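S.K.: I'd like to ask you about the structure that follows.
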Amino acid sequence: MTDKQRLDADKIREWVEKENAEFPRRSFSDSYAAGKFATLNELLSKIELGDFKADPPQQPDIQVGERNWQEDIKFLIELQKELNSQANDCQASPRFWTVGDYKWVECLEDNAERYYVYLPSAGKSYEIDSYLLDIKEDEEFEADEQTEFNEIDCEISAIEWIQKYRDEEAYLIPTKKEHFIRENTMFLTKAEAKQHIEVNHYHYTDEAHTYAMTAWRAPKVERLVRILNEFDFQALLQDKGDTP
């Protein structure tokens, strides 16, 4: 819809009053002038009564272009079915899914589940069992090294051997496995979260899994999810005679 030019009532009133001010100097024997005077006064009266008050601005017509809204509605219908039939994983509504995973984090000695060894000479840390296995497979030992290596039976004897033969400043780092939520992951359905993990497995560990969460004290999210769960999207298609 094309917007029409809107007139300014104050400017019209100002013009009418200016025109009327000229009439005392004119002769009313002129029928045209007399009629014009009457018309201007009538116009001024109607302006004062608000007869020409502008209508509220109208919203422009929506141009949908090539978008297929029927397909979008069908998508919402299928999404609603999935939302209302999927497992809730013990989470209250409104719920959503993320990717849960595990990582090893530094901890106190008493809580250690496994150890890393840090080598200042290399500027790196290694899981100690993997580090010792790599040495065994890739390096040659002197006789004394081999004998003492074969006697390693715990983290303490391992770090003593490493300090003696590889890096005297090496030290152990106690770690434990900790669960965490992967950043930038949010899904409305569990199936989509699962598919995401399968397709993008190289970004995660082998223990990555779907993890349900509740959008706590999020009224807008709660209202949106309720709409997705309860709105009669089917009726939108039926109004157009297009039933999937």
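S.K.: Restrict the check to the range 180-191 and report whether at least one residue is assigned to a strand (DSSP E or B) and either within 28 Å of Glu113 (Cα to Cα) or of a type in the set (Val, Ile, Thr) (or both).
M.R.: If we filter the range 180-191 for residues that are assigned to a strand (DSSP E or B), which is where we start, we get 180-181, 187.
Restricting the remaining residues to those that are either within 28 Å of Glu113 (Cα to Cα) or of a type in the set (Val, Ile, Thr) (or both) gives 180-181.
Within the range 180-191, one or more residues are assigned to a strand (DSSP E or B) and either within 28 Å of Glu113 (Cα to Cα) or of a type in the set (Val, Ile, Thr) (or both).
S.K.: State yes or no: is Gln234 more than 25 Å from the chain's Cα centre (by Cα) and open to solvent by less than 100 Å² (accessible area, probe 1.4 Å)?
M.R.: Considered against the rule, which asks whether it is more than 25 Å from the chain's Cα centre (by Cα) and open to solvent by less than 100 Å² (accessible area, probe 1.4 Å), Gln234 comes out as yes.
S.K.: Output the residue which, of all residues in the range 136-177 that are part of a helix (DSSP H, G or I) and in contact (Cβ under 8 Å) with a residue 24 or more places away in the chain, is nearest to Cys107 (Cα to Cα). If you could, list the steps in order and put the result at the bottom.
M.R.: In the first step, residues of the range 136-177 are kept if they are part of a helix (DSSP H, G or I); the result is 136-138, 143-150, 155-165.
From the residues that got through so far, the ones that are in contact (Cβ under 8 Å) with a residue 24 or more places away in the chain too are 155, 158-159, 162.
Numbers: Glu155: 16, Ala158: 19, Ile159: 18, Ile162: 22 Å.
Filtering the range 136-177 for residues that are part of a helix (DSSP H, G or I) and in contact (Cβ under 8 Å) with a residue 24 or more places away in the chain, the one nearest to Cys107 (Cα to Cα) comes out as Glu155.
S.K.: Please determine, by comparing only the residues of the range 77-114 that are aliphatic (A, V, I, L, M) and open to solvent by 50 Å² or more (accessible area, probe 1.4 Å), which one is nearest to Asp206 (Cα to Cα).
M.R.: Top of the filtered list is Ala87.
S.K.: How about the range 214-229: which of its residues are assigned to a helix (DSSP H, G or I) and in contact (Cβ under 8 Å) with a residue 60 or more places away in the chain?
M.R.: Residues of the range 214-229 assigned to a helix (DSSP H, G or I): 219-229.
Hits for the range 214-229 are Val221, Glu222, Leu224, Val225, Arg226, Leu228, Asn229.
S.K.: Identify all residues within the range 64-76 that are of a type outside the set (D, E, K, R), free of Cβ contacts under 8 Å to residues at least 24 places away in the same chain and either touching a His at 6+ places or on another chain (Cβ under 8 Å) or open to solvent by less than 70 Å² (accessible area, probe 1.4 Å) (or both); write none if there are none.
M.R.: Gly65
S.K.: Would you check if there is a residue in the range 115-128 being open to solvent by 40 Å² or more (accessible area, probe 1.4 Å), outside any helix (DSSP H, G or I) and under 30 Å from Ala193 (Cα atoms)?
M.R.: No, the range 115-128 contains no residue that is open to solvent by 40 Å² or more (accessible area, probe 1.4 Å), outside any helix (DSSP H, G or I) and under 30 Å from Ala193 (Cα atoms).
S.K.: Would you pick out the residues in the range 175-231 that are hydroxyl-bearing (Ser, Thr, Tyr) and open to solvent by 70 Å² or more (accessible area, probe 1.4 Å)?
M.R.: Tyr202, Tyr211 - these are the residues of the range 175-231 that are hydroxyl-bearing (Ser, Thr, Tyr) and open to solvent by 70 Å² or more (accessible area, probe 1.4 Å).
The values are calculated or read from the model by the stated rules, or taken from the named source; none is laboratory data. Given the structure is predicted, the values throughout are model-derived calculations rather than measurements. When we count neighbours, we look across all protein chains shown, and the Cβ atoms used for this are built from the backbone with ideal geometry, even at glycine. Side chains included, ligands, DNA and RNA excluded: accessible areas come from the protein's heavy atoms. Shrake-Rupley method; radii C 1.70, N 1.55, O 1.52, S 1.80 Å.
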